[in-house]
Amino acid sequence: MTTTADIKRVTRLLREQEPRLIYFKRMLILPPVGHYLRGFYFNQTSTKDVFQPYYMVQPLYEPC
């Protein structure tokens, strides 16, 4: 099963190259632009080191 630690390990190099990225739970969030929150959500899978990234765009005025 893919864990949060696995996702942190896989995205470590990307986060080191771009320090403005925020890792929160299973989301990698880009800095807000305008009134939108953009980022990636990593879905949990039953196989270790396999995950499904989903791109997300959410208005900041909507609850998460």
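Using the heavy atoms of the protein chains and a 1.4 angstrom probe, tell me the accessible area per residue for segment 21-64 in square angstrom.
73 Å²
Give me the percent of the accessible area of the chain that comes from carbon and sulfur atoms, probe 1.4 Å, all protein chains in place.
Whole-percent figure for carbon plus sulfur exposure: 61.
Mean separation of Cα pairs under 8 Å and 6+ residues apart, divided by the residue count of the chain: what relative contact order is that in percent?
Relative contact order of the chain: 31 percent.
Dipole of the chain (Lys/Arg Cβ +1, Asp/Glu Cβ -1, origin at the Cα centre): which of 42, 17, 56 lies farthest to the positive side?
Ranked along the dipole, the leading option is 17.
Taking a ≥ b ≥ c as the square roots of the Cα gyration tensor eigenvalues, with a/c under 1.5 meaning rounded and otherwise prolate when a/b beats b/c, else oblate, which class fits the chain?
It comes out oblate by the Cα gyration axes.
Place a +1 charge on the Cβ of each Lys and Arg in the chain and a -1 charge on the Cβ of each Asp and Glu, then give the dipole magnitude about the Cα centre in debye, rounded to the nearest 20.
That gives a dipole near 140 debye.
The values are calculated or read from the model by the stated rules, or taken from the named source; none is laboratory data. In this text the structure is predicted, and so the values were computed from the model without any measurement. Cβ: placed from backbone, ideal geometry, glycine included. Neighbour counts: every protein chain shown. To get the accessible areas, we keep the full protein, side chains included, count just its heavy atoms, and leave off ligands, DNA and RNA. Shrake-Rupley method; radii C 1.70, N 1.55, O 1.52, S 1.80 Å.
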